[in-house]
Structure formats: structure tokens, C-alpha cells
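Below you'll find the structure, written out as C-alpha cells, and then a few comments.
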Amino acid sequence: MTAAAPVVQLRGVVKDYRGQRDVVHALRSVDLEVAPGQLLAIHGRSGSGKTTLLNVVGGLDRADSGSIEVCGVDVQAASDEQLAELRRSRVSFVFQAFGLLPVLSAAENVEIPLRLQGLDRTSRASRVAELLGLVGLSARATHRPSELSGGEQQRVAIARSLAASPSLLIADEPTGQLDTRTGAEIMELIRRVVVEREIAAIIATHDVSIMDMADAHVELSDGAVISTQRPDVAWR
Ligand code: ADP
Ligand code: MG
């Protein structure tokens with residue numbers, strides 16, 4: 001069996017934060033890969049480097065050294081403009097705090113990336129309807145975020161993240177503000193879209209219960225990968 005080319009490949013990625021007096025070694029030579037249709041969980045305690053890792057993969061921040069390839073793009077060598085284009089067309093983010101615009105309805109929030117892509121009005125409307133259906137929120141299209149539960153808001157955020165048909169979904173503690181059961185439902189939803197749409201996903205979490213839904217785990221401690229588990233060697 002030939003494995004599909006990885007969507008994400010990191011080799012020896014290093015990132016320091018330099019303060020006035022001290023240096024934080026946020027990432028210490030991190031290696032990892034994620035294939036299409038694969039969900040990788042990054043776990044580790046608060047401060048272990050999870051958010052830093054997601055940010056350098058998604059081109060929101062720059063690593064100091066090492067190589068990062070995302071969807072065939074050399075992220076380290078890419079210009080800011082190329083990184084912006086990567087985020088517009090190939091990579092999307094889901095955050096712990098949902099990140100929806102409060103004055104817009106669920107449908108309008110999902111529509112934002114489609115507007116950025118310049119899609120016409122009719123195509124946008126049908127795509128928004130499809131995406132809200134996918135996350136089970138067709139009946140809440142006109143609701144504003146304040147009129148939705150936390151789990152529903154995260155569903156809208158997931159629908160929005162899928163609008164531009166990304167190859168990579170990056171989620172930073174997406175269940176962190178949800179109760180256990182709702183968090184598990186959100187993970188189920190992410191798991192389903194990863195498989196159905198053959199998206200690669202990287203999810204940071206310190207919630208042990210949702211890690212079981214991932215295909216592989218990377219554990220970070222103090223910026224270093226201290227364990228890696230893959231389905232062929234571990235728990236499946
Ligand atoms: P996690 O997401 O696992 O909680 P982070 O990636 O946010 O961890 O942080 C990793 C380390 O880097 C922590 O020690 C944190 O204090 C430090 N750090 C994060 N962002 C900055 C920053 N902008 N400036 C300085 N230090 C930072
Ligand atoms: Mg974090």
C-alpha cells in the first residue's frame with residue numbers, strides 16, 4: 001500500500017520566545033506528519049507548546065528553524081502573502097472560544113469565507129445551506145451566536161471552517177469550553193468530516209477523553225515530543 005503524501009510534515013521545528021531576560025523554548029525540534037483523512041491529536045499540559053505548534057503549522061506565526069510543509073507549501077520560505085493565501089484556500093482554524101462574529105447570523109458567519117473567495121450570491125446560499133445541514137443546524141440559520149448554545153456555536157464555527165473546502169483543519173482546544181458530552185459530539189463531528197472529506201486535522205487538547213477519537217497522538221512536554229502513537233502500533 002502506498003501512503004498518500006502527507007498534508008503536513010514537520011522536521012526539526014524550533015521556536016523560542018525571547019523576553020527581556022529569559023528565553024522560552026516553546027518548540028524543541030518537533031517532527032510530525034499528518035496524512036489526508038487522518039486526525040492527529042496533540043496533547044500535553046498547559047504551556048507545553050500546543051498552541052505555538054498549531055500557529056506555526058497554520059502560518060500564523062513563524063518558527064525559528066526546521067522545515068514545515070503544508071499542502072505542498074514550504075511555510076518557512078513562504079511570504080506573508082503566500083501564507084495568507086494558504087489560509088484562505090487550504091487551511092482553516094477552529095478555536096476554543098468559537099470566534100464567531102456576534103452581529104452576524106449563523107448563516108452569515110458561515111458565508112464569510114465564501115465571500116472572501118468571491119463566490120456569487122446564489123452559489124453562496126446553497127453552499128451555506130449544505131454546510132449548516134452537514135453540522136445539523138439547518139433550523140438555526142438565522143440565529144445569532146448569542147442565541148445558540150456553546151455546542152451549536154462550535155458547530156457553526158466548524159461549518160465556517162469547511163466553507164472554503166480546506167485540506168487541513170487546525171483546532172485549538174475545540175472542546176475546551178464545552179461539557180464532556182457536547183465535547184464528544186463535536187469531536188464526533190470533526191472525526192466524520194475528516195473521514196468523509198479526506199481532510200487532515202490537527203487538534204490540540206488536554207482532554208484525555210477526546211484523544212481516543214484521533215488516529216494518532218503526539219504528546220508534548222516543555223516543547224518537545226515525548227511520545228508518538230500511531231494506529232498500527234497502538235490502541236486500535
Ligand atoms: P499550550 O498551548 O500547550 O498551553 P503555548 O504554545 O501557548 O502552550 O505556550 C508554550 C510556552 O510558550 C509557554 O511556556 C508559554 O508561556 C510560552 N509563550 C507562549 N506565547 C508566548 C509569547 N507570545 N511570548 C512569550 N512566551 C510565550
Ligand atoms: Mg494553548
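Quick note: the coordinates plus some simple rules give every number you see, no bench work behind them. Quick caveat, the model's predicted, so the values are computed rather than measured. Counting neighbours? That spans all protein chains shown, and the Cβs are built from the backbone with ideal geometry, glycine included.
A few notes on this one:
Table: residues versus (1) among the small types (G, A, S); (2) within 16 Å of ligand 2 (Cβ to nearest atom).
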| residue | (1), (2) |
| --- | --- |
| D64 | no, no |
| E81 | no, no |
| F93 | no, yes |
| F98 | no, yes |
| A106 | yes, no |
| E111 | no, no |
| G118 | yes, no |
| V128 | no, no |
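- Out of Q82, Q76, sole residue that is more than 16 Å from ligand 1 (Cβ to nearest atom) and within 23 Å of A4 (Cα to Cα): Q76
- Checked against (1) within 19 Å of I226 (Cβ to Cβ); (2) aliphatic (A, V, I, L, M); (3) away from ligand 2 (no atom under 16 Å from the Cβ); (4) under 16 Å from the mean Cα position of the chain (by Cα), V7 passes all but condition (1).
The rows are residues; the columns are (1) over 15 Å from the mean Cα position of the chain (by Cα); (2) near ligand 1 (Cβ under 7 Å from one of its atoms); (3) not aliphatic (A, V, I, L, M).
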| site | (1), (2), (3) |
| --- | --- |
| V30 | yes, no, no |
| V34 | no, no, no |
| S48 | yes, yes, yes |
| L60 | no, no, no |
| A63 | yes, no, no |
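- With a requirement of 2 or more residues that are within 16 Å of ligand 1 (Cβ to nearest atom), under 15 Å from the mean Cα position of the chain (by Cα) and surrounded by 16 or more Cβ atoms within 10 Å (Cβ to Cβ), the helices (runs of 4 or more DSSP H) lying completely within region 144-236 that satisfy it span 208-211.
- With respect to the conditions (1) within 16 Å of ligand 2 (Cβ to nearest atom); (2) within 26 Å of Q177 (Cβ to Cβ); (3) in contact with a strand residue (DSSP E or B) (Cβ under 8 Å, 6 or more places away or on another chain), S46 lacks only one, and its number is (3).
- Condition met for S79 (polar (S, T, N, Q) and closer than 28 Å to S221 by Cβ): no
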